[in-house]
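**Q** Sharing a structure, written as structure tokens. Questions coming.
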Amino acid sequence: MHNKTSGTSGAPSPRGIVIAAPSSNSGKTVITLALLRALKRSGVAVAAAKTGPDYIDPAFQAAACGASCINLDSWAMDRDQIQTLVARQLADQRDENAFMVCEGVMGLFDGAANGIGSTADLAAMMNWPVVLVVDVKGQSASAAALISGFATFRAETRIAGVILNRVGSDRHKQMIMDACAKHLPNIPIVGAVRRSTDLTLPERHLGLVQAGEHRELDDFLDRAADIIAQDVDLTGFAQLVSSQSSLTTQSTANEPMPLGQSADISPMGQHIAIARDTAFAFAYRHLLDGWARAGATLSFFSPLNDEVPDPTADAIYLPGGYPELFAAELADASQFKAAMRTAAQNGVTIYGECGGYMVLGESLIDANGDRYEMLGLLAVETSFAARKLHLGYRQATLAQVTPFGPAGTVVRGHEFHYASTLSENGTPFCHMKNAMGDDLGAAGLMRGTVFGSFFHVISARPEDA
């Protein structure tokens, strides 16, 4: 079984707490952001993490706490890798009392299609308490029944506290508090957040509008933190972490991370040029950090600004993002396109992931049906004229020798996009299965030193081959 609940090193888990909810759209993202900003402002040393595959929320969390946010995925990573990533993140705080605030994904017990990889799995794996954010709009005593069900559903998941969200009035709050005090006396209500338009963020088809596009993000975070500081007992919240036993960051923070954990996906080259702007924003922090720890030099460039990759780079990475929103600008980026084609001719390794894969293709059709010329390095054409959701965890077996490993290497990740593939011709990059093990067939393309697919890489898991 790939999902380990105890590490092989025997080291205790780093200190942390999970912010979860009964379902999506309960407000846990904004509550997490506001908590991070409020705790940071009050002098508490916190680090940020997001459960599962997500690129957008971590950017907001990084802005909220002033430090990077990592993804922790119990479907794609094992406990040793997760524990080491967390310990390193906490060590960066340079405070022995620092703890991780980890936002959950979907509902607390929702994971991959096979039931693995939920927020509850991560909390149990790391022995972290859970604070449940409950949207109480339209209910009073029923909220206590809901909390009771979540608290007793799995014995290894500890609901240590609750934050009531979207509370309508003082009377509404008191009715719920009374019901919880009567039926759940051992689970503290650490906050009751009033309903407010100041706690809303704009969204688009893949989730929230990116943090970099939110012009007044700092003002929003400060307003949200002001509300949380009034409506949540920040001291009581932090004490839910310190009430845990045998938790420390010292055991793993300073230990060297083995290559298989620090850079699960081997570096693509000695110098990797990475596209980074609002069209190419979906790159996992742990992946880039792993490459750097393995000795690779990383440099960055903006295709939207018609910048070119460093000519000394022996590898180029085009991450995912929103190229469909900037197809015209990318089509007109003549210097970027010429440099990429020259790099391919010179045998530079080029990898495109989801949005990056589409840009490596021959053309991209946007939502209006307009066709734009892309790089033409792979024989693929994609379209957003007829949107179709592709979503879920994926296990890829490499069909070819790549910098990520020889043919047969198993890589875990996910797929999340609305593009339709109009044509895809050539040598497949990998063979894909979903979380249930269902065969999805060949995926992606590889031509010479250029390869890619819609698959977002998270971690290599050769033991699952």
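**Q** Taking region 227-246, which residues are modelled with pLDDT of 95 or more, surrounded by fewer than 13 Cβ atoms within 10 Å (Cβ to Cβ) and over 18 Å from N186 (Cα atoms)?
**A** Q230
**Q** Hey, another quick one. Can we say D110 is charged (D, E, K, R) and open to solvent by less than 10 Å² (accessible area, probe 1.4 Å)?
**A** On the way: charged (D, E, K, R): yes; open to solvent by less than 10 Å² (accessible area, probe 1.4 Å): no.
Against the criterion (charged (D, E, K, R) and open to solvent by less than 10 Å² (accessible area, probe 1.4 Å)), D110 does not qualify.
**Q** Take region 122-166 and flag every residue that is of a type in the set (D, E) and either without any contact (Cβ under 8 Å) to a residue 24 or more places away in the chain or touching a helix residue (DSSP H, G or I) at 6+ places or on another chain (Cβ under 6 Å) (or both).
**A** Filtering region 122-166 for residues of a type in the set (D, E) gives 135, 156.
Answer for region 122-166, where residues must be of a type in the set (D, E) and either without any contact (Cβ under 8 Å) to a residue 24 or more places away in the chain or touching a helix residue (DSSP H, G or I) at 6+ places or on another chain (Cβ under 6 Å) (or both): just E156.
**Q** Exactly one of these conditions fails for T152: (1) outside any loop (DSSP other than H, G, I, E, B); (2) within 26 Å of L287 (Cα to Cα); (3) open to solvent by 20 Å² or more (accessible area, probe 1.4 Å). Give me its number.
**A** (2)
**Q** Still on this structure, I have one more. For region 364-382, enumerate the residues that are open to solvent by less than 10 Å² (accessible area, probe 1.4 Å) and either of a type in the set (S, T, N, Q) or touching a residue at least 60 places away in the same chain (Cβ under 8 Å) (or both). Working first, answer last.
**A** Keep residues of region 364-382 that are open to solvent by less than 10 Å² (accessible area, probe 1.4 Å), which gives 364, 374-375, 378, 380, 382.
Selection gives L378, V380, T382.
**Q** On the basis of being among the polar types (S, T, N, Q), open to solvent by 10 Å² or more (accessible area, probe 1.4 Å) and touching a helix residue (DSSP H, G or I) at 6+ places or on another chain (Cβ under 9 Å), does S169 make the cut?
**A** On the way: among the polar types (S, T, N, Q): yes; open to solvent by 10 Å² or more (accessible area, probe 1.4 Å): yes; touching a helix residue (DSSP H, G or I) at 6+ places or on another chain (Cβ under 9 Å): no.
Criteria not met by S169.
**Q** Here's another thing I want to ask about it. With the condition kept exactly as written, say whether any residue in region 453-461 is at negative phi, open to solvent by 30 Å² or more (accessible area, probe 1.4 Å) and part of a loop (DSSP other than H, G, I, E, B).
**A** No; the residues of region 453-461 include none that is at negative phi, open to solvent by 30 Å² or more (accessible area, probe 1.4 Å) and part of a loop (DSSP other than H, G, I, E, B).
**Q** Looking at L398, L389, L440, can you tell me which residue is on the phi < 0 side of the Ramachandran plot and either open to solvent by less than 10 Å² (accessible area, probe 1.4 Å) or of a type in the set (F, W, Y) (or both)? Spell out the reasoning first.
**A** On the way: L389 fails: either open to solvent by less than 10 Å² (accessible area, probe 1.4 Å) or of a type in the set (F, W, Y) (or both); L440 fails: either open to solvent by less than 10 Å² (accessible area, probe 1.4 Å) or of a type in the set (F, W, Y) (or both).
Only one candidate qualifies: L398.
**Q** Residue check: is H183 at pLDDT 95 or above, open to solvent by 20 Å² or more (accessible area, probe 1.4 Å) and touching a helix residue (DSSP H, G or I) at 6+ places or on another chain (Cβ under 8 Å)?
**A** Details: at pLDDT 95 or above: yes; open to solvent by 20 Å² or more (accessible area, probe 1.4 Å): yes; touching a helix residue (DSSP H, G or I) at 6+ places or on another chain (Cβ under 8 Å): yes.
Criteria met by H183.
**Q** Also: Taking region 306-347 only, how many residues are aromatic (F, W, Y) and either surrounded by fewer than 18 Cβ atoms within 10 Å (Cβ to Cβ) or not in a helix (DSSP H, G or I) (or both)? Before the answer, list the steps.
**A** So the first thing to find is which residues in region 306-347 are aromatic (F, W, Y), and the list is 317, 322, 326, 336.
Now drop any that are not either surrounded by fewer than 18 Cβ atoms within 10 Å (Cβ to Cβ) or not in a helix (DSSP H, G or I) (or both), which leaves 317, 322.
Count: 2.
**Q** Six or more apart or on different chains, Cβ atoms under 7 Å: show the pairs whose first residue is in region 14-26 and assigned to a loop (DSSP other than H, G, I, E, B) and whose second is among the basic types (K, R).
**A** A21/K28
**Q** Taking region 381-428, which residues are touching a helix residue (DSSP H, G or I) at 6+ places or on another chain (Cβ under 7 Å), over 17 Å from M77 (Cα atoms) and in a strand (DSSP E or B)?
**A** The one that is touching a helix residue (DSSP H, G or I) at 6+ places or on another chain (Cβ under 7 Å), over 17 Å from M77 (Cα atoms) and in a strand (DSSP E or B): T382.
The values are calculated or read from the model by the stated rules, or taken from the named source; none is laboratory data. The model shown is predicted, which means the values in this text are computed figures rather than measured ones. Here the Cβ is made from the backbone with ideal geometry for all residues, glycine too, and neighbour counts use every protein chain on show. Keep in mind that these areas ignore ligands, DNA and RNA; they rest on the heavy atoms of the full protein, side chains included. Shrake-Rupley method; radii C 1.70, N 1.55, O 1.52, S 1.80 Å.
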